[in-house]
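Below: one structure, written as structure tokens.
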Amino acid sequence: MKIHEYQAKELFRNHHIPVPEGNVAVSPDDACALAEKLGGFPVVVKAQIHAGGRGKGGGVKLARSLDEVQSAATAILGRPLVTPQTGPQGKKVRKLLVEQGLDIDQELYFSIIPDRSTAKIMIIASRAGGMDIEEVAAKDPDKIIRVLINPLTGIEPGHCKEIAAGLNLPDSLAGDFSTLVENLYGLFIETDCSLLEINPLVITAQETLVALDAKVEIDDNALFRQKDILKFRDTDEEDPLEVEASKYNLNYINLDGNIGNMVNGAGLAMATMDLIKSTGAEPANFLDVGGGADEEMVENGFRIILNDANVKGVLINIFGGILRCDVLAEGVVQAARKTGINVPVVIRLQGTNVEKGREILAASGLNLITAEDLNDAAGKITEIVGK
């Protein structure tokens with residue numbers, strides 16, 4: 001789950017990680033009131049959306065007066081912000097972070113991620129702060145510092161010293177930097193982060209370390225034990241169909257293609273999507289209804305697929321095990337009758353009660369096309385819809 005920068009900085013404050021003073025605004029007048037409370041200029045006005053590269057899109061502005069705060073907030077709020085991570089449609093800005101400007105001496109990069117190849121936690125740091133870390137890694141990999149930490153033993157003083165040495169930090173900052181890294185690592189572990197990134201982490205002219213930016217993502221699978229963080233969820237930032245699917249515990253991801261598909265099992269879903277692409281067509285979604293789905297879940301999944309205006313046809317691929325083929329067929333028939341099918345639907349069933357499932361589909365009187373196997377199903381839906 002992604003959260004906003006201002007929410008990430010709230011977590012930082014709770015874990016004694018220095019951040020600039022600031023707060024969130026929802027109108028230009030709010031932004032001006034917050035700027036006055038900060039007690040001095042310049043201040044920074046930052047768009048709050050779930051995407052990076054906001055500065056490149058004009059979503060981060062420095063203001064040296066209340067008039068400039070008013071102007072910046074008016075220019076950003078309520079409008080789509082296009083960044084390298086949003087796509088051409090952009091994301092509508094509904095909130096701003098207004099915070100104090102700092103006298104910056106140096107910008108650094110710092111992040112913590114799980115490294116699945118080693119089953120350890122990796123800290124990545126660089127003296128090239130403020131830049132795209134992917135670009136730095138491609139052009140000058142020697143500027144990237146990587147330190148692996150065993151999650152069973154946790155962070156140790158040697159890790160902090162190794163990172164500080166790689167960043168060529170002055171001795172006067174060694175103690176503060178070690179405390180900062182330990183607190184960041186503690187936050188990462190305690191809140192089940194899948195990503196913690198600060199770009200830039202700055203050294204001020206007063207020789208203090210401050211997290212000027214904050215990007216935090218929480219592992220969705222751990223949200224059941226992160227109730228306080230779950231309240232940070234902003235559904236306005238999520239795809240409406242994905243939000244709807246989450247209400248029914250459906251694993252759904254919206255994509256750019258025109259062939260909707262419903263599958264039971266993540267591996268089978270990925271294979272189905274690959275097969276659709278191999279025919280020259282494009283999948284419109286990933287939808288795994290799960291092995292234990294009932295008729296209601298199947299119905300809701302089918303309805304969500306059909307609510308995608310890009311979908312020109314649907315491929316249903318079910319291997320009946322825990323989810324029996326007859327249960328799937330009943331769910332599809334119910335959904336089709338309630339929603340009204342206006343696109344072709346190809347169904348491939350195999351497994352438990354497959355013959356009964358096919359009988360239910362045939363007796364429905366609906367225009368549902370059955371397929372013998374997966375290749376046959378992918379070929380039929382692609383031929384009907386077109387590439």
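The values are calculated or read from the model by the stated rules, or taken from the named source; none is laboratory data. Since the structure is predicted, the reported quantities are computational estimates derived from the model, not experimental observations. Reconstructed Cβ throughout: ideal geometry from the backbone, glycine too, with neighbour counts over all protein chains shown.
Figures for the structure shown
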read-out	value
Per-region count, the stretch 149-179, residues touching a Cys at 6+ places or on another chain (Cβ under 9 Å) and crowded, with 16+ Cβ neighbours inside 10 Å	2
Total residues in the stretch 42-83, condition surrounded by fewer than 22 Cβ atoms within 10 Å (Cβ to Cβ) and part of a helix (DSSP H, G or I)	7
Among (1) buried (at least 18 other Cβ atoms within 10 Å of the Cβ); (2) touching a residue at least 40 places away in the same chain (Cβ under 8 Å) - the single one residue 230 does not satisfy	(1)
Residues being closer than 23 Å to residue 225 by Cβ and part of a loop (DSSP other than H, G, I, E, B) - total across the stretch 153-200	5
Unmet criterion (only one of (1) of a type in the set (A, V, I, L, M); (2) touching a Pro at 6+ places or on another chain (Cβ under 8 Å); (3) within 30 Å of residue 180 (Cα to Cα)) for residue 82	(3)
Selection status of residue 119, surrounded by fewer than 16 Cβ atoms within 10 Å (Cβ to Cβ), among the hydrophobic types (A, V, I, L, M, F, W, C), at positive phi and out of contact with any strand residue (DSSP E or B) (no Cβ under 6 Å at 6 or more places or on another chain)	yes
Residue satisfying all of: in the stretch 333-354; touching a helix residue (DSSP H, G or I) at 6+ places or on another chain (Cβ under 6 Å), at pLDDT 80 or above and of a type in the set (A, V, I, L, M, F, W, C); farthest from residue 260 (Cα to Cα) among these	354
Residue pairs meeting the criteria (Cβ under 9 Å; at least 6 apart or on separate chains; first under 13 Å from residue 282 (Cα atoms), in the stretch 368-387; second of a type in the set (Ser, Thr, Tyr))	378/272; 378/278; 378/279; 379/279; 381/279; 382/279; 383/279; 387/279
Subset of the stretch 152-191 that is free of Cβ contacts under 8 Å to residues at least 12 places away in the same chain and among the small types (Gly, Ala, Ser) - its residue that is nearest to residue 206 (Cα to Cα)	175
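Here is a yes/no grid of residues against (1) surrounded by fewer than 17 Cβ atoms within 10 Å (Cβ to Cβ); (2) at pLDDT 90 or above:
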residue: 234; (1), (2): yes, yes
residue: 250; (1), (2): no, no
residue: 259; (1), (2): no, yes
residue: 274; (1), (2): yes, yes
residue: 281; (1), (2): no, no
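Listed here are the residues, each with its yes/no results for (1) among the acidic types (Asp, Glu); (2) closer than 27 Å to residue 86 by Cβ; (3) in the same structural domain as residue 1 (by TED's automatic domain parsing); (4) in a helix (DSSP H, G or I).
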position: 262; (1), (2), (3), (4): no, no, no, no
position: 271; (1), (2), (3), (4): no, no, no, yes
position: 286; (1), (2), (3), (4): no, yes, no, no
position: 299; (1), (2), (3), (4): yes, no, no, yes
position: 303; (1), (2), (3), (4): no, no, no, yes
position: 310; (1), (2), (3), (4): no, yes, no, no
position: 323; (1), (2), (3), (4): no, no, no, no
position: 326; (1), (2), (3), (4): yes, no, no, yes
position: 335; (1), (2), (3), (4): no, no, no, yes
